[in-house]
Structures are given as C-alpha cells and as structure tokens.
Amino acid sequence: TIRTGFHAHPYTEWALESTAHQLTAPHLDFLWDLGFRRLHIGVQTLEEPLRREIGRREPSVTVLNRIADCLERGFVTTVDLLYGLPGQTVTGFFSGIDQLDSLGIHGISLYRFNQSRRNRGFLRRYQHQPDIMKDFAMFTAADSKLLQAGYDKNPLCHYPRLPDKHLYYTHARTGADLLS
C-alpha cells in the first residue's frame, strides 16, 4: 500500500529502526522480503551491566552477533550510541565504538543522554547529575575517532560510511520526499 500510495521509486530507500531484540534471523528474512535494505539499531551502549540498567534485554555479545547477521545479509546497518549515561565509563564508550567499527558497521549516530519526564525515576534512582564538560569531551573525542576511521559526518550527529548514504538527513537539501 505504501509503495503504490506514495509513488515509491525503485531507488526509494526502505529503512527501519529497531532494537537488537527484534532482529532474529526469521524477522530479518521477513524484513528483507518486504524490501527493507537499511536498519538502524538502538544499541545505546555495549557496557555491561549498564545495558540492563537502561532496560536493554540482550547482552552486548548478542547485540554484536545480531548486527553481524544484519551486515552479512546485506542490510545497510547503522546504530545509535549514547554518551553521558549514569555509570558509563569513557573506556566502555570507546570500546563500544571500536567493537562496532570492527564489525564493519555502516554508520553510528551519537546522542547525549538527556533528562526528560520519561527518565526522571531512573535519574533519581542513580542520583545522576549530568557533567556537561565530560559529555562534550566524550563527543568531541568520538567525533575525531570516527572521522579518523573514515566515517563522514552529517550536519547533526550521524557518522556514515558507504554504503550508508544516510538519505534521512539529506532530503531537505536534495528536495527528496521523506516519510518517517
């Protein structure tokens, strides 16, 4: 229905955002059969036990295996990583970037952990006070690391490398349609 109702073209990028929990082999086959070729995965962190603290179901080894499976099947595969999480270590953050890069990930989006109504209980439980300077230092160091590793940078916070053309953030500049 979407293909016909929105006049999709053969070069239309069909993308989906997911968590690693959902990306089992049968589900990946199903998505491929529907025409999806780009997956963006909300990893957030690969640090254990921080993953459990923020409600992620799988251990990082499972996440890495599922990402490897996405890549092997031919999906353009990108991830979200957070910095500034309560209990996060600088070493763990950069280890996560290294692990994803070594898999051959096509893109990484870096987001600062922000306080909101949705996470107030979590913040109270951990008595987390954001450290703006530490967060800034982590972002700028990660920015340098990713650029040196051959990633490009879009105007916001995504670091793609081919085959990730990251059309999501280029639609306004190119005049392309975007349905999200």
Please enumerate the residues belonging to the range 48-100 that are of a type in the set (Val, Ile, Thr), surrounded by fewer than 17 Cβ atoms within 10 Å (Cβ to Cβ) and more than 27 Å from Trp14 (Cβ to Cβ). Val61, Thr89, Val90, Thr91
Under 7 Å by Cβ, and 6 or more places apart or on different chains, what pairs join a residue from the range 109-128 that is in contact (Cβ under 8 Å) with a residue 12 or more places away in the chain with one that is part of a loop (DSSP other than H, G, I, E, B) and open to solvent by 90 Å² or more (accessible area, probe 1.4 Å)? Leu123/Gln115
Identify the single condition in (1) in a loop (DSSP other than H, G, I, E, B); (2) exposed (fewer than 11 other Cβ atoms within 10 Å of the Cβ) that Ile105 does not satisfy, given that it satisfies every other one. (2)
Being more than 22 Å from Tyr111 (Cα to Cα), modelled with pLDDT of 90 or more and not aliphatic (A, V, I, L, M) narrows it down to one of Gly5, Gly74, Gly42, Gly84, so name that one. Gly74
Kindly indicate whether Ala149 is surrounded by 11 or more Cβ atoms within 10 Å (Cβ to Cβ), out of contact with any strand residue (DSSP E or B) (no Cβ under 9 Å at 6 or more places or on another chain), among the hydrophobic types (A, V, I, L, M, F, W, C) and at pLDDT 70 or above. no
Single unsatisfied condition, Leu23 versus (1) among the hydrophobic types (A, V, I, L, M, F, W, C); (2) farther than 25 Å from Ala141 by Cβ; (3) surrounded by fewer than 20 Cβ atoms within 10 Å (Cβ to Cβ): (3)
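The values are calculated or read from the model by the stated rules, or taken from the named source; none is laboratory data. Fair warning: this is a prediction, and the values are worked out from it, not measured in the lab. Glycine gets a Cβ as well: all are built from the backbone with ideal geometry, and neighbour counts include every protein chain shown. Note: areas computed on protein heavy atoms with side chains; ligands, DNA, RNA excluded. Shrake-Rupley method; radii C 1.70, N 1.55, O 1.52, S 1.80 Å.
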